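Below: one structure, written as structure tokens.
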Amino acid sequence: MRDDEFLARVRELGEYEDQREAEEVTTAVLSVLATRLPGDTAEKLAAQLPEPLREGFREAAQPEAEAFGVEEFHRRVAELVGGRALTAEQDSGAVLTTVAEAVSGGELNQLLSHLPSAYATMFGKPELA
């Protein structure tokens, strides 16, 4: 998936006003996700992201994953996008559902195996939760 297609899909799912807002939310959600994944898993995911998003994701990644749940994930996203706590769940869902559509099934399964089951719904996969 190309960068413009990725952001257009996020914009559609999140019902954002413009591409800039979709890009801001995407950057925030991917940054938080990068801190939640072990380094090797983050690197494999980064390789499947569109080029402009890849570098920021890699910069946020850490060798050791931080352990936090869905609520903390949403809190961190809200903080990065300016405190929109009420929409952080929607923001996360729009971006992570697009990630699930953009990466291979095997990569998605590996990524989800490193997260608590409650994260699956954020990727549009409630049957895995």
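Identify which of the listed values of semi-axes √(5λ) of the Cα gyration tensor in Å was calculated from the structure shown: (i) 24, 18, 13; (ii) 19, 17, 15; (iii) 37, 15, 10. After the calculation, the listed value that fits is (ii). The simple spin-label model puts a point 7 Å past each Cα toward its Cβ; for GLN48 and ALA118 those points are separated by 2.5 nm.
Enumerate by residue number the trypsin sites (Lys or Arg not before Pro) in the range 1-33 meeting two conditions: DSSP loop (anything except H, G, I, E, B), and at most 11 other Cβ atoms within 10 Å of the site's Cβ.
Values: sites: ARG2, ARG9, ARG11, ARG20; in loops: ARG2.
Sites meeting the loop and neighbour criteria: ARG2.
Every number here is computed from the coordinates shown, using simple stated rules; none is lab data. This structure is a prediction, so every number in the text was calculated from the model and none was measured. Glycine also receives a Cβ, built like all others from the backbone with ideal geometry; neighbour counts cover every protein chain displayed.
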